[in-house]
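Okay, so here's the structure we're looking at.
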Amino acid sequence: MSQHHRPTNLIFNIVLTAILLATTMAKATTTLVVGSTGATGKHVVAQLLQQDQNVRAIARSKSRLLALLDEIVPDASTKYASKLQVTEAAILDLSDDELSKIVAGCDAVVQCLGHTITFRGIYRDPHRLVADSAKHLSAAIESANADITGNKKIKFVVMGSDGVSNPDGTDDVRSRSERIILSLLRKLVPPHADNEATAAYMSHDLAKDNVKKLEWVVVRPTDLVDGQVSDYVVYDKPQGGLFGAGVTTRANCAKFMVDLVLADADGSSLWTEHTFKMPVVHDAACAAEKKDEKK
């Protein structure tokens, strides 16, 4: 009897293995990361690679990116070499056609750009690095997928700041003193105005009815610090005042963005919960401490 069933069992095992392999392969994504050598972007790249995802990165220096990855994960540059493709360039130096070719075939695009916090980094051109890059990337996503049929949308995750209000008006109104500070920042500190311009572009120009091939989320971390990955909490608007409301490790900000990218593959509803929104992320431990202080 057992011999009679061996062929059937063998076929069943082969089919089951094929299904499992197909399922595993289906979960592999390809993500373009812009700002990959930045303090947060490097964590996005590392975490995606650690989850066996394919990563394309745009960086001025490939060697610098590989060195940063090795600092996060020993031997990452060797271990994940087959999963990582790097284009050495500045995002705004790429032509529309060049960027569209890089974006083609990607399931998601993550933008982690920011201005270097030095006098030169704050006041030199391009003053609209973040906003102009968001425009460049969104146009490339739409162009690269214009001829693709079906309902699939490319995920566009942009890193922002909880110091920038959601243009849709759902954030709590800031105090008078905070509004004065923000007004001064807007006039005197170009990166703040850049982040505001980016939020306005995402909210208005890339509104749901204005795009065909992409969906977006703007991730607004609170005060960023270095640290390890831990639990995080997500809010729909900034918590507390402009200063001292909480902290987010750059690794945790990256973790939230990576979780958004992989949400469909792991069955999570995280992406659909935040699509076309601007969630705020805090470290869970710090959020708990702040909650206890209010008691």
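The values are calculated or read from the model by the stated rules, or taken from the named source; none is laboratory data. Just so we're clear, the structure is a prediction, and the values are computed from it rather than from any experiment. Glycine also receives a Cβ, built like all others from the backbone with ideal geometry; neighbour counts cover every protein chain displayed. All accessible areas refer to the heavy atoms of the entire protein, side chains included, with ligands and DNA or RNA removed. Shrake-Rupley method; radii C 1.70, N 1.55, O 1.52, S 1.80 Å.
Give me the residue from region 232-257 that is in contact with a Phe, Trp or Tyr (Cβ under 9 Å, 6 or more places away or on another chain) and among the aromatic types (Phe, Trp, Tyr) and, out of that set, surrounded by the most Cβ atoms within 10 Å (Cβ to Cβ). Walk me through it before giving the result.
Restricting attention to region 232-257, the residues satisfying the condition of being in contact with a Phe, Trp or Tyr (Cβ under 9 Å, 6 or more places away or on another chain) are 232, 234, 248-249, 252-253, 255-256.
Checking which are among the aromatic types (Phe, Trp, Tyr) leaves us with 232, 256.
Numbers: Tyr232: 21, Phe256: 24.
Residue satisfying both the conditions and the ranking: Phe256.
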Result of the Cβ filter at 7 Å on region 21-44, keeping first residues that are farther than 17 Å from Ala57 by Cα and partners that are among the aliphatic types (A, V, I, L, M) and modelled with pLDDT under 95, at least 6 apart or interchain, is Lys27/Ala265
For region 206-220, pairs from a residue that is farther than 14 Å from Lys152 by Cα and open to solvent by 30 Å² or more (accessible area, probe 1.4 Å) to a residue that is in a helix (DSSP H, G or I) and of a type outside the set (Ser, Thr, Tyr), with Cβ under 9 Å and 6 or more apart or across chains, are Asn210/His204
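Looking at this structure, is Ala287 of a type in the set (A, V, I, L, M, F, W, C), open to solvent by less than 50 Å² (accessible area, probe 1.4 Å), in contact with a Lys or Arg (Cβ under 8 Å, 6 or more places away or on another chain) and at pLDDT below 95?
When the stated conditions are applied, Ala287 does not pass them.
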Counting only residues in region 142-159 that are of a type in the set (A, V, I, L, M, F, W, C) and more than 15 Å from the chain's Cα centre (by Cα), the one most open to solvent (accessible area, probe 1.4 Å) is identified as Ile148
When Ser177 is run through (1) of a type in the set (S, T, N, Q); (2) farther than 25 Å from Gly35 by Cβ; (3) in a loop (DSSP other than H, G, I, E, B), the failure sits at (3)
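Tell me, which helices (runs of 4 or more DSSP H) lie completely within region 56-115 with 3 or more residues that are open to solvent by less than 50 Å² (accessible area, probe 1.4 Å) and of a type outside the set (Gly, Ala, Ser)?
Values: elements: 62-72, 76-79, 96-103.
Filter on region 56-115 gives 62-72, 96-103.
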Residue count, region 166-184, condition under 26 Å from the mean Cα position of the chain (by Cα) and either closer than 14 Å to Phe243 by Cα or open to solvent by less than 30 Å² (accessible area, probe 1.4 Å) (or both), comes to 3
